[in-house]
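A.B. asks: Dumping the structure here so I can ask a few things about it.
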Amino acid sequence: MPGARLAPPAVGDMLPARSNNWHPGVHMKLYFCAASPYTRKARVTAIEAGLAAKIEMVEINPWTDPAGYRDLNPIGKVPTLVPDDGPALFESAIIC
Ligand SMILES: N[C@@H](CCC(=O)N[C@@H](CS)C(=O)NCC(=O)O)C(=O)O
């Protein structure tokens with residue numbers, strides 16, 4: 001229609017179709033630190049992808065090298081995403 005203005009798409013509409021039903025039933029843990037912008041990026045992505053309810057948040061201080069954490073993430077940084085059906089993912093660009 002001439003002169004009609006299109007509304008910008010919602011963020012959720014720009015995500016791949018799999019995002020809202022990715023691995024139904026899968027539970028994940030996200031190791032995070034509240035001060036970390038990389039963690040925030042992963043959390044926002046999880047919320048926008050409709051996955052937040054499947055993710056248990058585990059707060060750690062990565063600078064204290066928590067016991068066992070490097071078994072999940074050999075570089076010892078946050079965020080780390082651990083699905084219950086697969087290997088841990090680290091590096092926010094990989095997680096997102
Ligand atoms: N390239 C990494 C950077 C992650 C990063 O630097 N995380 C910081 C917190 S903002 C961290 O865990 N630092 C702990 C350390 O360096 O030991 C990513 O994108 O995930």
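A.B. asks: Once fully extended, how much extra length lies between Cys33 and Ile75, figured as 0.36 nm per residue of separation less the alpha-carbon to alpha-carbon distance?
C.D. replies: On the way: separation 42, 0.36 × 42 = 15.12 nm, distance 1.49 nm.
Between Cys33 and Ile75, full extension yields 13.6 nm more.
A.B. asks: Pick out, from Ser36, Ala67, Ala46, the residue whose Cα sits farthest towards the positive end of the charge dipole of region 26-95, with +1 on the Cβ of Lys and Arg and -1 on the Cβ of Asp and Glu.
C.D. replies: Ser36
A.B. asks: So if each residue of separation counts as 0.36 nm, and I subtract the Cα-Cα distance between Met57 and Arg5, what length gain in nm does that give? Spell out each step's value before the answer.
C.D. replies: Values: separation 52, 0.36 × 52 = 18.72 nm, distance 4.06 nm.
So the chain would gain 14.7 nm between Met57 and Arg5.
A.B. asks: Rounded to the nearest 5, what % of the DSSP beta bridges within region 26-95 are antiparallel ones?
C.D. replies: Details: 6 of 11 bridges.
Counting only bridges with both partners in region 26-95, antiparallel ones make up about 55 percent.
A.B. asks: So for region 26-95, Kirkwood radius off the Cα pairs, Stokes-Einstein at 4 °C and 1.567 mPa s: how many µm² s⁻¹?
C.D. replies: 109 µm²/s
A.B. asks: What is the sum of charges, Lys and Arg at +1 and Asp and Glu at -1, for the other residues whose Cβ falls under 13 Å from the Cβ of Pro37? Write out the running numbers ahead of the final one.
C.D. replies: Details: positive: Arg40, Lys41, Arg43, Lys77; negative: none.
For residues surrounding Pro37, the net value is +4.
Every number here is computed from the coordinates shown, using simple stated rules; none is lab data. Since the model is a prediction, treat every value here as computed from it, not as a measurement. Cβ coordinates were reconstructed from backbone atoms using ideal geometry, including for glycine residues, and neighbour counts include every protein chain displayed.
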